[in-house]
Every structure is written in C-alpha cells, then in structure tokens.
Amino acid sequence: MAERIERVLVVTAHPDDAEFGAGGTVAKMVKQGREVTYVVVTNGNKGSSDRSMTPERLTRIREAEQRNAARVLGVERVEFLGYDDGELEDTRDLRGDVTRQIRRWRPDLVITQNPHRTYNLYVSHRDHRITAGVVLDCIYPLARDHMSFPELLAEYEPHKVREVHLMQWESPHLVVDISDTMDLKLKALACHQSQVADFPGVEARVRERSAALGKSHGYVYAEAFDRIVMPR
C-alpha cells in the first residue's frame, strides 16, 4: 500500500461483503494505522432461509452483526444507507448518498466490489454490480465536481479520491498478503451468524480461496483486487 494512503472508505452492497472480499486487507490497514470507514448500501433484509424471519428483524440483526464484525477488524465507524436488499437501482438518490459519504470521509483509497459479472454468481450479485458501478461514477466525476449535487456544498466540499481497489478473483492487478490477518478475517466473518449458518464449511472454503489467490505470490493467504490510480 502506498504511504500516502491514510483514509480508506470501504463501500459494499450488503453486511458481510466487506469481510468476505477484503476483511484481511482491512485488518492489515488498521494495523498499519490507516483510518477505515465502512459504508453498507443495503440493509440485507432478504438474506435468510428462516421462514419465521421478517425483513424488519433481519435488518436489525444484520446491522448488529456488521458492527460486531467491523469491531473485530478495528473499524470503528459503520454507515448504513438503508436501501432494500435485492432491489437496488442506480438512481440519483443513491448516487447522491454515496457522493455524500465520499465527500464526508474524504478517503485517499476506496475499496468496493466489482461492477462486472463473473463466473461466481455470489460474487456478481446484482446489488454488488450496481453498488460498484455507482461508487465508480461517484468517485469520478460526481464527488470531485462542485457543480454535481450542489445541495451537498452546504455540508461538504468536493473531494478527489487517489486510488480505487475493486474486489477481484480473476487475473487481479493487486494481490495482498493477509497471512497475518487471516484469523481476524475469519473471526469477523463468524460474526455474521445469520448468513454463515446457511453455508456449512464456509471457513474451509474461504481458506481455500485465499490460499489459491496467494499461491503464485508465495503468500499463505491473500485477497485480490483490480487497482485504479486516479489522475491528479
């Protein structure tokens, strides 16, 4: 990670997405003294196989799980935008909400999901793709240009993000060694009990995927990203 990266904003579609895609990297950056903020776009209110569950109760459960997982990794600040799970649309309201978060927290680096469909249906969930696309549009040009969302100027000045990392599993540009933070990643994932309970063996699968990503670089475990360096 470049030394100039001091503030990091992680924007994901659902509670637990940050831990699955970048939990080890987040823990590593916190240990390095970087300030990390989470923004979770949807409330995750559809992700349950329990027929007695309600969207309202699941929202509360998943918010608490996300806060607990963030705490494990050392992330003290979690913002929830509250959009309904599975119904995300690229709207002006969503772009305005994400732009507000970028201008508010003024990150050097933004970590988000991948806007492209992949072979892995879980990874390329529609909410993930829409979130990633909106985040990229907000980084450039909406958060940068003062005439975009002028209503935000009363609170927040425009902001230029320096770098973007997109969670990636296929031919990534950047592979991050998380060997020393893998246990924290798994501990944070375990906080999302409403989700991992439906997927027996999730720890073994996460270890297997992380080991595969790190193998060619000589890392025991890794996470991977596409890296975009923004022009100054």
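For the reader, a short list of remarks on this structure follows.
- Across Lys31/Lys185; Lys187/Lys215; Lys31/Lys160; Lys28/Lys187; Lys185/Lys215, pairs whose alpha-carbon gap is larger than 20 Å: Lys187/Lys215; Lys31/Lys160
- Length released on extending from Gln193 to Tyr140, taking residue separation times 0.36 nm less the Cα-Cα span: 15.5 nm
- Contour excess over end-to-end distance, with Cα ends at Glu155 and Ala64 and 0.36 nm allotted per residue: 29.9 nm
- Spread over its residues, the convex hull of the C-alpha atoms of segment 131-232 is 157 Å³ per residue.
- Interchain or long-range residues, amide H under 5 Å from Ala13's placed H: Val41
- Alpha carbon centroid spacing (whole Å) that separates segment 167-186 from segment 33-91: 22 Å
- Counting all C-alpha pairs of segment 64-110, share separated by more than 14 Å (%): 63 percent
- Ellipticity estimate at 222 nm from DSSP helix runs (n ≥ 4, -39,500 (n - 2.57)) divided over the chain, nearest 500: -11500 deg cm²/dmol
- Most simply put, the chain has about 30% antiparallel DSSP beta bridges, counting only bridges with both residues inside it.
- From the alpha carbon centroid of segment 1-31 to that of segment 98-155 is 15 Å.
- Whole-angstrom Cα spans of the chain along principal axes, big to small: 49, 46, 32
Any read-out appearing in this document is the output of simple, stated calculations on the displayed coordinates, not a laboratory observation. What you are looking at is a predicted structure, and each value in this text was computed from that prediction instead of being measured.
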